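J.: Encoded as structure tokens, here's the structure I'll be asking about.
Just so you know, all these numbers are worked out from the coordinates, no wet-lab data involved. Computed from a predicted model, the values in this text were never measured in an experiment. Using ideal geometry, Cβ is built from the backbone for each residue, glycine included, and neighbour counts are taken over all protein chains shown.
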Amino acid sequence: MQITGAEVIPVNADVTPLGEPDGIAPYESNHDSVEDVDRVLVRLDTDEGVSGWGEMLAALASPEATKAVFESVVIPPLIGRSVWEINALIEEFYFPYVKIEPFIGAVEMAMFDALGKHLDVPVSKLLGGAYDPAVDVAYAVGILPREDSRRHARKAVADGFSVLKTKAGPDWRQDVDRIVAMDEAADGNLEFRLDPNQGWSIDEAIRVGAELGRSGVDVQYLEQPVRIDSVGNYSSLRSRLQIPIAVNEDTYFKHNLMTLVREDAIDVAVVDIIPAGGIVEMRKLAGLAEHAGVSLAHHCGFDLGVKTAAMVHAVAATPAISLAADTVYYGWAEHVIDDPFTVEEGQIEVPDGPGLGVTVDEEKLERCRLD
């Protein structure tokens with residue numbers, strides 16, 4: 001089954017506003033405020049009439065630039081290739097001065113989707129099989145006022161979640177206060193993740209860890225507390241804190257993760273199939289972390305259904321990922337797939353249909369496409 005064509009479709013989707021059920025917008029972080037999101041979907045067509053879908057965030061916050069890279073660089077070499085040539089695709093796209101991995105990740109996703117449909121099996125079976133029918137996910141919120149944070153903590157518990165992730169920064173004292181308030185609101189029934197997106201200094205990260213350690217809050221980990229160019233500081237940070245240290249953006253660079261693992265500098269790696277360059281490459285990172293005794297979780301970047309499906313398949317078929325995956329899927333105000341996912345008791349079921357197991361609703365897609 002050969003690839004005969006492709007279409008790149010940039011879309012913009014709204015996030016449900018705060019105050020509405022499941023509302024999380026504006027989703028505030030240390031570096032931005034999200035009320036709507038630009039995503040790019042890729043459809044690969046084949047000579048047997050089967051199509052596969054992939055998805056990624058608009059690179060450099062530009063749907064136009066993302067589309068241009070796909071159409072001029074990534075897609076032309078795929079035409080005429082078989083959809084199962086996934087490993088060859090990964091090896092052949094080599095651009096030493098440009099990080100091309102996210103684009104490869106989206107195309108690889110579409111190839112897995114088409115191959116699964118062709119063979120009439122879910123992607124998880126192509127990966128060796130899901131070890132669980134559902135994937136645990138963490139409830140995620142942005143930086144919110146104290147009382148709004150407490151309300152979301154209560155909602156997370158009521159909806160069956162056991163882990164809550166919150167963005168953090170730039171005021172670490174307010175971050176600590178919010179976490180303590182959420183822990184009280186949840187009656188101690190949640191584990192917490194704090195993600196300042198590289199926004200703290202070493203001193204601030206140490207103070208946060210010390211304050212939370214004294215508070216008795218169950219902190220699963222601090223995620224990427226300092227910059228990715230601070231690799232040498234993580235060993236010092238980990239030795240001075242009892243709270244587990246995680247990295248996310250560092251996992252986007254394979255050699256960074258290898259260095260951190262070699263130095264025994266982290267407790268958790270938060271991986272993502274798109275910046276890793278696809279499911280195959282993400283599982284290589286997972287294997288590296290697992291052999292080093294580093295726990296694993298999967299990142300979420302406002303995935304619009306197609307990538308959510310790919311994440312669920314990949315996580316379910318990768319036992320090394322032992323911690324709940326992040327998600328804000330419940331926060332979308334609109335969807336582009338026929339049967340949107342539901343999060344029940346803190347889990348998303350692994351689709352059992354062929355390929356990714358989701359169907360893109362092309363009418364919905366047209367309503368939110370940007371071009």
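J.: Could you give each residue of the range 97-103 its phi-based ³J(HN,Hα) in whole Hz, using Karplus coefficients 6.51, -1.76, 1.60 with θ = phi - 60°, and x for Gly or Pro?
T.: Values, residue by residue: 9, 9, 7, 9, 3, x, 5 Hz.
J.: Right, next: Could you sort 170-181, 43-54 so that the peptide with the highest average Cβ count within 10 Å comes first and the rest follow in order?
T.: With the highest mean Cβ count within 10 Å placed first, the list reads 43-54, 170-181.
J.: Please list 3J(HN,Hα) in residue order for the range 216-231, calculated via the Karplus relation 6.51 cos²θ - 1.76 cosθ + 1.60 where θ = phi - 60°; whole Hz, with x for glycine and proline.
T.: x, 5, 7, 9, 5, 5, 9, 9, 6, x, 10, 5, 5, 8, 10, 3
J.: Still on this structure: Nothing charged except the Cβ atoms of Lys and Arg (+1) and of Asp and Glu (-1): what's the magnitude of the dipole of the chain about its Cα centre? Round to the nearest 20 debye.
T.: 1000 debye
J.: Still on this structure, I have one more. Ranking request for peptides 197-206, 319-328, 72-81: highest mean number of other beta-carbon atoms within 10 Å first, then the rest in descending order.
T.: By packing density, highest mean first, the sequence is 319-328, 197-206, 72-81.
J.: Going by amide H atoms built from the backbone, whose H comes under 5 Å of the H on Ala325, apart from near neighbours?
T.: Here Asp136, Val137, Ala138, His298 satisfy the definition.
J.: Looking at the chain, what % of its DSSP beta bridges pair antiparallel, to the nearest 5?
T.: So the antiparallel bridges in the chain amount to around 55 percent.
J.: Which order, highest average first, do 124-136, 282-294 follow once you tally other Cβ atoms within 10 Å for each residue and take the mean per peptide?
T.: The peptides rank, most packed first, as 282-294, 124-136.
J.: Sorting Lys67, Lys165 on the 10 Å Cβ count, fewest up front, what's the list?
T.: Exposure proxy ranking, most exposed first: Lys67, Lys165.
J.: So what are the ³J(HN,Hα) numbers for the range 288-298, from phi and the Karplus equation (6.51, -1.76, 1.60; θ = phi - 60°), rounded to whole Hz, Gly and Pro as x?
T.: 4, 5, 4, 5, 8, x, 9, 5, 9, 9, 10
J.: Where the centroid of each part is defined by its Cα atoms, how far is the range 300-318 from the range 148-164 in Å?
T.: 22 Å
J.: Normalised by the empirical 2.2 N^0.38 Å for globular proteins, what value does the Cα Rg of the chain take?
T.: Computed over Cα atoms of the chain, the ratio equals 0.96.
J.: Take every Cα pair under 8 Å in the range 105-255 that's 6+ residues apart, average their separations, divide by the length, and report that relative contact order as a whole percent.
T.: Result for the range 105-255 is 17 percent.
J.: Around Gly278, what is the net charge, scoring Lys/Arg as +1 and Asp/Glu as -1 over all other residues with Cβ under 14 Å from its Cβ?
T.: Around Gly278, the surrounding residues sum to -4.
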